[in-house]
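A short reminder: the numbers here are calculations on the coordinates, not readings from a lab. Since we're looking at a predicted model, the values are computed, not measured. For neighbour counting, all protein chains shown are included, and Cβ atoms are generated from backbone atoms with ideal geometry for every residue, glycine included.
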Amino acid sequence: MSTSPGGAVKAPSPHRGVRRRVTLGLATAVAVAVAGLPGSAAATPLPSGTPNFGANVTVFDPSMPVADIQAALDATHTAQVGNEMGTSRYAYLFKPGTYGTAEQPLQIKVGYYTEIAGLGAQPTDVVINGKIEVYNRCLTEGGTANCLALVNFWRTLSNLTLNVNALGQDGCRASANFWAVSQAVSMRRMNVTGANLSLMDYCTAGPQYASGGFIADSKLPFVINGSQQQWLIRNSQVDGWSNGVWNQVFAGVVGAPDDAGFPNPPYTTLDTTPVSREKPYLFVDANGKYQVRVPEARFETSGISWADGLTPGRTVPLSDFFVAKPGDSVTKINLALALGKHLLLTPGVYDIARSIEVWRPDTVVLGLGQATLTAVNGSVPLDVADVPGVIIAGVTIDAGLKESPVLLRVGRKVNPLRWSSKTNPTTLSDVYFRVGGPHVGKTDTALQVNSDNVLIDHTWVWRGDHGVEGFTDTERWNTNTGRYGAVINGDNVNANGLFVEHFQKYNTVWNGENGRTILYQNELPYDPPTQADWMNGDVQGYAGYKVGDKVQKHTLYGAGVYVFNQNNPSIHTANGFEVPERPGVKLYHIMTVNLSAGIIDHVVNGIGGQADTTNIGSPQFIVEYPAP
């Protein structure tokens, strides 16, 4: 990758080789405990009046010395930069004010399971002069031979102004603020000024691949997409955008590039986002009280929600929340929910042996610092009733050692008394799923949506293709089991940013009527041992995206299904997409691609070219299906 003197990045070639096949070093296999390190969350005193969020939440005040803030953040990054499968979780929250100066910028690097967020009512209430960055992760024995962003998962950035100041960095690093990330990473409510924003790290040794990602409700400078294979940005404003590898999707983005000529460039642009709701956020009001702003759902909108003042919605005092910490029993949590409390999950891993039951309308469940619910004894960790307005946000759900039927269920499959609202949809924001990785995981289905009028606003549903369990890839097929990723049975369900990977049957099955997905990304499983293990009756394999045979109306914008059958490169998958052939079912800008092994015979329903080892990294595109 080269840059011009002005920092503009030349368009990268499509990836040649595997998107996310990496060798995990010893640092990944060992969970690093940072509590008690100098400058860590546990060692930083809380400002006066701060609620007790537990040891893994640090609240900064603008009166604190920049050096002390920098030391705390550096200590956690050092511990978390390689801690991909660890159990440590952190949130760093900034009270309204300004942090860093022209002479002493605050330069933050964000590692695994770390949230950086402002506590202002508006993103402009917290100003950081400096940088907030994620760089490539170098995976080969600590050297620079295999540096990439393909496994830069599980981190959060939101609700502040970043005035980029690269003082002390070299010329390449000074050319942009680097946010080189992949799945399970969100950037929301950001106001970035002063330099380009690069979604790849072109300064670290290669191959520099990246596979994200998601931005919403943000005002951004010129954005260098670079090597990002797919990306969704919605309801935002950009000064410009360059590069695109496969699917780059823009919904309701002021300044978005035109999508004329798809797939050259591979842009999909919607003038408005049909259904959106911004993620709830914690803030401190003018009286120093902690509140949670709960944005309302919006329809056919573009641009940022905070352009004319406070994001439309309602404000809920933190006193109306049960603030949970790891170790709190589900019985205690459910009692609080039954008594009308909302739920704030502080950072950590929660062992869930019976369901957290959310059955009151308009309940908010908000996680900080990648709060993680782990299924125990085959439980369904989170069960949401058929009621309107529930919001689940910032929560990761892990499968456990015993198979769960579902990890998150929204509504009952059989319920004639379903209660939902088109104007107040139950919403899942930044909700992530993991089957395997840090430990053995087993589930039949990860996400099951049975309710009508549900909004999915960014999710990554992942059956792990790598981890620390100690299995070969062939063993993983029979040990880390997940049959279905996302199963959508409800009507009028919308998904903005649906990422589903590696499940052993259909990754996504959409049975509900009038569904809509904006940006879909899928990798088929890497590990079927034989073709016989990857058969759907008489059909070779399972499509990465399946719309039910009885569905009359469905719409999909910007989607890719990728294949890398590393265990057996001769395995075939008949189609990347499988949908009923009728006028009401429309797919726009879809593709399949071979990452170096295996074959997808067609893009959709027997149509489209074959993705195989003769065209590695070169997608097979279909602009519109059925053809107009």
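Sort 389-398, 419-428, 161-170 by packing, meaning the average of other beta carbons within 10 Å per residue, with the highest value first. Present the calculation step by step, with values, prior to reporting the outcome.
Working: 389-398: 24.9, 419-428: 20.1, 161-170: 18.2.
Highest-to-lowest ranking by the protection proxy: 389-398, 419-428, 161-170.
When a footprinting reagent is the concern and you count Cβ atoms within 10 Å, what order do Ile215, Ile116 take, fewest first?
Working: Ile215 27, Ile116 22.
Ascending Cβ contact count within 10 Å gives the list Ile116, Ile215.
Would you order Met535, Met200, Met85 from fewest to most other beta-carbon atoms within 10 Å of each residue's own beta-carbon?
So the ranking, lowest neighbour count to highest, is Met535, Met85, Met200.
Mind listing the phi-derived Karplus ³J(HN,Hα) values for the range 499-504, rounded to whole Hz, using 6.51, -1.76 and 1.60 with θ = phi - 60°, and x for any glycine or proline?
My calculation for the range 499-504 gives 10, 9, 9, 6, 6, 8 Hz in order.
According to the Cα gyration tensor, what semi-axes, each the square root of 5 times an eigenvalue, does the equivalent ellipsoid of the range 405-543 have, listed from largest to smallest in whole Å?
Numbers: eigenvalues 158, 50, 34 Å².
Equivalent ellipsoid semi-axes, largest first: 28, 16, 13 Å.
At Thr98 and Trp419, where each label point lies 7 Å from the Cα along Cα→Cβ, what is the point-to-point distance in nanometres?
If labels sit at Thr98 and Trp419, their model points lie 5.0 nm apart.
Enumerate the aspartates and glutamates that Lys332 could reach by cross-link, defined here as Cα to Cα under 14 Å, with residues fewer than 8 away along the same chain left out.
Once the sequence-local aspartates and glutamates are set aside, what remains near Lys332 is Asp351, Glu357.
So, by mean Cβ neighbours within 10 angstrom, what's the order for 192-199, 442-449, 176-183 with the highest one leading?
176-183, 442-449, 192-199
Going by C-beta contacts inside 10 Å, put Asp259, Asp430 in order with the fewest on the left. Walk me through the numbers on the way to the answer.
Details: Asp259 20, Asp430 25.
Listing Asp259, Asp430 from fewest to most nearby Cβ atoms yields Asp259, Asp430.
With charges set only on the Cβ (+1 for Lys and Arg, -1 for Asp and Glu), what does the dipole of the chain come to about its Cα centre, in debye to the nearest 20? Don't jump to the answer; show the numbers that get you there.
On the way: 45 positive and 51 negative charges, 139 e Å.
Value, rounded to 20: 660 debye.
Based on the Cα gyration tensor of the range 35-273, what are the three equivalent ellipsoid semi-axes, each the root of five times an eigenvalue, rounded to whole Å and given largest first?
Semi-axes (√(5λ), whole Å): 29, 21, 16.
Sequence-distant or interchain residues sharing an amide H contact under 5 Å with Tyr350, placed H: which?
Thr372, Leu373, Thr374
Output ³J(HN,Hα) for the range 252-269: one whole-Hz value per residue in order, computed from phi by the Karplus curve 6.51 cos²θ - 1.76 cosθ + 1.60 with θ = phi - 60°, and x for Gly and Pro.
Calculated HN-Hα couplings, in order: x, 10, 6, x, 5, x, 6, 9, 4, x, 3, x, 10, x, x, 9, 10, 10 Hz.
If I take every Cα pair under 8 Å that is 6 or more residues apart in the chain, average their sequence separation and divide by the length, what percent do I get for the relative contact order?
8 percent
State, to one decimal in nm, how far the label point of Thr193 lies from the label point of Thr555, with both points 7 Å from Cα in the Cβ direction.
If labels sit at Thr193 and Thr555, their model points lie 3.6 nm apart.
Over 19 Å between Cα atoms: which of Lys422/Lys505; Lys442/Lys550; Lys442/Lys505; Lys95/Lys341; Lys422/Lys586; Lys279/Lys553 fall into that group?
Over 19 Å apart, Cα to Cα: Lys422/Lys505; Lys442/Lys550; Lys95/Lys341; Lys422/Lys586; Lys279/Lys553.
Which value in Å does the Kirkwood hydrodynamic radius of the range 267-331 take, with 1/r averaged over all unlike C-alpha pairs and then inverted?
This gives a value of 14.4 Å.
Could you derive backbone 3J(HN,Hα) for the range 374-382 from the dihedral phi with the Karplus parameters 6.51, -1.76 and 1.60 (θ = phi - 60°), listing whole Hz in sequence and x where the residue is Gly or Pro?
In residue order, the calculated couplings are 10, 5, 10, 6, x, 6, 9, x, 9 Hz.
Taking N as the number of residues in the chain, what is its alpha-carbon radius of gyration divided by 2.2 N^0.38 Å?
After normalising by residue count via 2.2 N^0.38 Å, the value is 0.89.
To the nearest 20 debye, what is the magnitude of the charge dipole of the range 122-262 about its Cα centre, counting +1 on the Cβ of each Lys and Arg and -1 on the Cβ of each Asp and Glu?
The dipole magnitude comes to about 240 debye.
What FRET efficiency comes out for Leu167 versus Asn264 if R0 is 45 angstrom and r is the Cβ-Cβ distance? Round to the nearest 0.05.
0.70
Run the quick spin-label model on Asp362 and Asn52: label points 7 Å from Cα toward the beta carbon, then report their separation in nm to one decimal.
About 3.0 nm, to one decimal.
Can you order the peptides 148-160, 322-334 by their average number of other Cβ atoms within 10 Å per residue, highest first? The partial results should precede the final answer.
On the way: 148-160: 25.5, 322-334: 16.7.
Taking the mean over residues of other Cβ atoms within 10 Å, the ranking is 148-160, 322-334.
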